[in-house]
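The values are calculated or read from the model by the stated rules, or taken from the named source; none is laboratory data. Everything numeric here is computed off the predicted structure, so don't read it as measured data. So basically every Cβ, Gly included, is an ideal-geometry build from the backbone, and we count neighbours across all protein chains shown.
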């Protein structure tokens, strides 16, 4: 993960960069581990001096991990089931309370949702 420049990147774009550079395993437990390593690398890249101005509410790897896994699930759901897939408000409500430092802005998740459904992330 250290080979990727993730500083200041929009989370779905960072996921796309990293996950499209490898063949993802089909097993959920292995995808979980990749998400965990990704979240740690993304947090480390964005907690350096000055990066907090770019992404001020992503302060640790735990919410990044949860949101990353959620993005992968949304991407899969939408690619398989465009008509009846998860709606924007469902995605937002599922992810609002993942941050120990307070709720994320709704616009953050809305932007992620529309990015994922309008462009294939993985």
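Taking the stated definitions as given, is residue 4 part of a helix (DSSP H, G or I) and either at pLDDT below 90 or over 22 Å from residue 105 (Cβ atoms) (or both)? Criteria not met by residue 4. Residue-level analysis places residue 44 among those that are surrounded by 13 or more Cβ atoms within 10 Å (Cβ to Cβ), at pLDDT below 90 and either over 12 Å from the mean Cα position of the chain (by Cα) or farther than 18 Å from residue 115 by Cα (or both). Quick check: anything in segment 23-31 exposed (fewer than 15 other Cβ atoms within 10 Å of the Cβ) and either under 11 Å from residue 65 (Cβ atoms) or touching a residue at least 12 places away in the same chain (Cβ under 8 Å) (or both)? Yes, some residue in segment 23-31 is exposed (fewer than 15 other Cβ atoms within 10 Å of the Cβ) and either under 11 Å from residue 65 (Cβ atoms) or touching a residue at least 12 places away in the same chain (Cβ under 8 Å) (or both).
Please tell me if residue 18 is at pLDDT below 90, within 14 Å of the chain's Cα centre (by Cα) and either assigned to a helix (DSSP H, G or I) or within 20 Å of residue 109 (Cβ to Cβ) (or both).
Values: at pLDDT below 90: no; within 14 Å of the chain's Cα centre (by Cα): yes; either assigned to a helix (DSSP H, G or I) or within 20 Å of residue 109 (Cβ to Cβ) (or both): yes.
Considered against the rule, which asks whether it is at pLDDT below 90, within 14 Å of the chain's Cα centre (by Cα) and either assigned to a helix (DSSP H, G or I) or within 20 Å of residue 109 (Cβ to Cβ) (or both), residue 18 comes out as no.
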